Every structure is written in structure tokens, then in C-alpha cells.
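Enquirer: The structure that follows is given in the form of C-alpha cells.
The values are calculated or read from the model by the stated rules, or taken from the named source; none is laboratory data. All values reported here derive from a predicted model rather than from experimental measurement. Reconstructed Cβ throughout: ideal geometry from the backbone, glycine too, with neighbour counts over all protein chains shown.
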Amino acid sequence: MKKNLIAGAISLGIISLAIAPVFAQTTSSVTGTTAPTTSTVTTKVACVGAAVNARETAIDAAMTTFTAADNAAYSARATALQQAYTLTTLKAVRAAVATAWSTFSKSEKTARSAWQTARNSAWATYRTTAVACKAPAGTGDGVDSGLEASGN
């Protein structure tokens, strides 16, 4: 029994070595097309890498703009609230506080909208470029896009 298993394993190994070159051919007998070479795959992966780099640069710039606008909104609110509490009548304080918060809310909404538009644009451009690269499946990193800050 053991001799049969060993003989079978050796036979399978020899057969595998004999037919391996057939499967390693670069031309498909079915379609007549040439399989991608390592350098072609490398070029396509590099293309996706360039698309990722462009996306990340755009997202970085958009996040910098967003955080600057966000910081400005908080700073303006702080200044407006400080001024509101220097007023002498309750009616004037309430009106100034309401204006400070309303202005802050509008600024935040504008900053968030600009961030989301820029982020979505960067991702859309990336997807278009990555598809044009025709890289092997699973080369891009779009699966993890849900981890990104949404700006909500």
C-alpha cells in the first residue's frame, strides 16, 4: 500500500514537471492572445500607483482647505461670542449669540460641502484612471475608501 502511494506521488510529480511548460506558455491556444508579461503587469501596477498618488495629493489639498475653513469658522465663532457677551442688554446678547451660531453653522456647512465635493471628485478621477490602467483585479485600494473621513 505504501509503495503504491509513493509510486503514485512520484508519477504525479513527473507528470507535473512534464506538463508545467505547457501551462507556462505565453500564448493561449484558445484565444491566440498573449498572456501579460511581468513588465506589462509592472507597468499597469505603476499606472494604478500614479492614480493613487494623484488621488491622495488631491485629497490632502482638499483636507487642508477643509481644516483651514473649519478652524476659521471656530475662530470667528469664538470672537463673535466674546463680543456678544460684552453687550449690555439681554436682547442684544441673545441676538449676537444667535448670529454667531448661525454664521458658524453656515460656514461649517459650506466647508463640509466643499470637502465632500473635492473628495468625491478625487475618488471619481482615480476610479476612471485606475480602470484605464487595466491592471490585474485587486491592484487598487478602493476597498478601504470607507475608512476616510466623511466630513460630517
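Here's the yes/no breakdown for (1) modelled with pLDDT under 95; (2) in contact with a strand residue (DSSP E or B) (Cβ under 6 Å, 6 or more places away or on another chain); (3) surrounded by fewer than 15 Cβ atoms within 10 Å (Cβ to Cβ):
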position	(1), (2), (3)
Ala7	yes, no, yes
Val22	yes, no, yes
Val48	yes, no, no
Ala61	no, no, yes
Ala76	no, no, yes
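Enquirer: Can I ask one more? Of the residues in region 63-74, how many are surrounded by 15 or more Cβ atoms within 10 Å (Cβ to Cβ) and either of a type in the set (Phe, Trp, Tyr) or outside any helix (DSSP H, G or I) (or both)? First the steps, then the outcome.
Expert: Taking region 63-74 first, the residues surrounded by 15 or more Cβ atoms within 10 Å (Cβ to Cβ) are 63, 66, 69-70, 73.
Checking which are either of a type in the set (Phe, Trp, Tyr) or outside any helix (DSSP H, G or I) (or both) leaves us with 66.
Total satisfying the criteria: 1.
Enquirer: Taking the residues in region 90-116 that are within 20 Å of Ile59 (Cβ to Cβ) and in contact with a helix residue (DSSP H, G or I) (Cβ under 6 Å, 6 or more places away or on another chain) as candidates, determine which candidate is surrounded by the fewest Cβ atoms within 10 Å (Cβ to Cβ).
Expert: Taking the candidates together, the pick is Glu108.
Enquirer: Something else now. I need the full set of residues from region 100-142 which are among the β-branched types (Val, Ile, Thr), more than 30 Å from Thr42 (Cβ to Cβ) and free of Cβ contacts under 8 Å to residues at least 40 places away in the same chain, in order please. Let's see the steps before the verdict.
Expert: So the first thing to find is which residues in region 100-142 are among the β-branched types (Val, Ile, Thr), and the list is 103, 110, 117, 125, 128-129, 131, 139.
The next check asks that each one be more than 30 Å from Thr42 (Cβ to Cβ); those that pass are 103, 110, 117.
Once the filter is applied, which keeps residues that are among the β-branched types (Val, Ile, Thr), more than 30 Å from Thr42 (Cβ to Cβ) and free of Cβ contacts under 8 Å to residues at least 40 places away in the same chain, region 100-142 yields Thr103, Thr117.
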